[in-house]
Structure formats: structure tokens, C-alpha cells
Amino acid sequence: SLRGEMVSRREGQTPVFDDQNSYILRVFFGQVSMDMTSLTNLMNHHLFAYDGSPLSDISMEIDEGRLKQKAKLHKGVPIPITMKATVSVTPDGRLKLQTEKVSALGVPAKSLMSLFGLELDDVVNLKNRRGIEHADNDIILSPGQIVPPPEIQGRLSSVAIVGDRLVQTFAS
């Protein structure tokens, strides 16, 4: 079960259900589960759906208990890339994707990245993207900010891959 509250973004006004930008969902406790088709759609139609996006044609799957992303990287000409990451929670309650393996054109990325002058920044150019940042080879996501409105606020307490789903548990 999900416990939380709906809070208006406009002081003194009630939230308007037809305007998802007029309110925030604060989650105190609950579990959110997403299958790979939904995650693929989120990546293609929301998260990386902007002019100048470094990635397109994204597909998400689970491979050996890790998230696997295939995409086309736009660096001059489109380059097919694959990234594999483990999932965990940061101490401040965000989703951490620890990139373990990156390949481009089917070649492990360390050698290919140096050959093409690519960096993780090029692969996941996340500057100025709300709710997303990266440090070293880790991508840090604020789960409630990367989804379409309404914004969800809550502290992620655990994340796991269960079957074919990414399961996130929120707790105060």
C-alpha cells in the first residue's frame, strides 16, 4: 500500500487533478514497481526526449540481475552503445546506477572511449537535467523528479530487481 499526501504547489489553493503541475505527491511509505517496457518508454519519451539529447532508440532489459541499456549515442554519427549497471540506494535516498560495463560498437568502452575521445559525460550528458547527476561511473537519480508530473517526493529506502521489474521502496 502507498501512504502519502497530495500538496498544492500554490499556497492557499487546492490542487487541481487536471493540472499535474499544480501539486506534489509526498510519499511516506510505499512501493513502486516498473517493468522494462515502462522504463524503456520513460527513457525514450520523457527523460531523453529533448533536442540535443545524447541518446536515442533506448531499450532497457534485465541481464544477470543488472539493468542493461542499449541505445544510440549521438557523437557525430550514431554509435550503438550498451551499458550495464547495478542498482542501489544512496545515503540520501536516491537511486544509484553503478555502471559496471560500457561498450560501443560491441567493443569494451575504455579503449573505444579513448579512441573516439568519448567520456561518460558524452554517453550520459546529464548537465542541467532535473533529478539526474553523475559522479565517476555512477548515475544518481531522484526517482520522483525524473518521471512526468506530478512530482513525487519521498525518501527511497531500498531498490531491487525482482524478476523483470525494478522495485523501489519509499519510507520516511
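The values are calculated or read from the model by the stated rules, or taken from the named source; none is laboratory data. Please read all numbers here as calculations on a predicted model, not as lab measurements. With ideal geometry, Cβ positions are generated from the backbone for all residues, glycine too; neighbour counts draw on all protein chains shown. Note: areas computed on protein heavy atoms with side chains; ligands, DNA, RNA excluded. Shrake-Rupley method; radii C 1.70, N 1.55, O 1.52, S 1.80 Å.
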Query - Extension gain (nm, one decimal) between Ser158 and Phe29, 0.36 nm per residue minus Cα-Cα - result: 45.3 nm
Requested in this report: Would you compute, from DSSP H runs of 4+ residues alone, the mean residue ellipticity of the chain at 222 nm, taking -39500 (n - 2.57) per run and dividing by the full residue count, rounded to the nearest 500?
Outcome: -2500 deg cm²/dmol
Query raised in the report: In whole percent, what relative contact order does the chain give with Cα contacts below 8 Å and a gap of six or more residues?
Result: 25 percent
Query raised in the report: Which percentage, to the nearest 5, of the DSSP beta bridges contained in the chain is antiparallel?
Result: 95 percent
Requested in this report: Return the loop-located chymotrypsin sites (Phe, Trp or Tyr not before Pro) in the stretch 1-43 (DSSP other than H, G, I, E, B) with at most 13 other Cβ atoms within 10 Å of their own Cβ; answer none if there are none.
Outcome: Phe17
Report summary line: Carbon and sulfur atoms account, in whole percent of the 1.4 Å probe accessible area of the chain, for 50 percent
Query raised in the report: Rounded if a/c is under 1.5, else prolate if a/b is larger than b/c, else oblate: which is the stretch 35-78, with a ≥ b ≥ c the root eigenvalues of its Cα gyration tensor?
Result: oblate
Report summary line: Expected unfolding gain across Lys70-Ser8 under the 0.36 nm per residue rule, minus the alpha-carbon gap, is 18.5 nm
Requested in this report: Would you mind finding the longest exposed-site-free stretch of the chain, with exposed GluC sites (Glu not before Pro) meaning DSSP loop and at most 12 other Cβ atoms within 10 Å?
Outcome: 65-118
Report summary line: Applied in sequence order to the stretch 32-37, the curve 6.51 cos²θ - 1.76 cosθ + 1.60 (Karplus, θ = phi - 60°) yields integer Hz couplings, x standing for Gly and Pro, of 10, 10, 9, 7, 5, 5
Report summary line: Residue-normalised value, i.e. accessible area per residue, for the chain at 1.4 Å probe, in Å², stands at 57 Å²
Query - the chain: most fluctuating residue of Thr82, Thr14, Thr40 per GNM, C-alpha cutoff 10 Å - result: Thr14
Query raised in the report: In the neighborhood of Lys68, defined by Cβ-to-Cβ distances under 13 Å, what is the net charge if each Lys or Arg adds +1 and each Asp or Glu adds -1?
Result: -1
Requested in this report: Return the sequence-ordered ³J(HN,Hα) values of the stretch 71-77 in whole Hz as given by the Karplus equation 6.51 cos²θ - 1.76 cosθ + 1.60 applied to θ = phi - 60°, using x for Gly and Pro.
Outcome: 7, 10, 8, 9, 9, x, 9
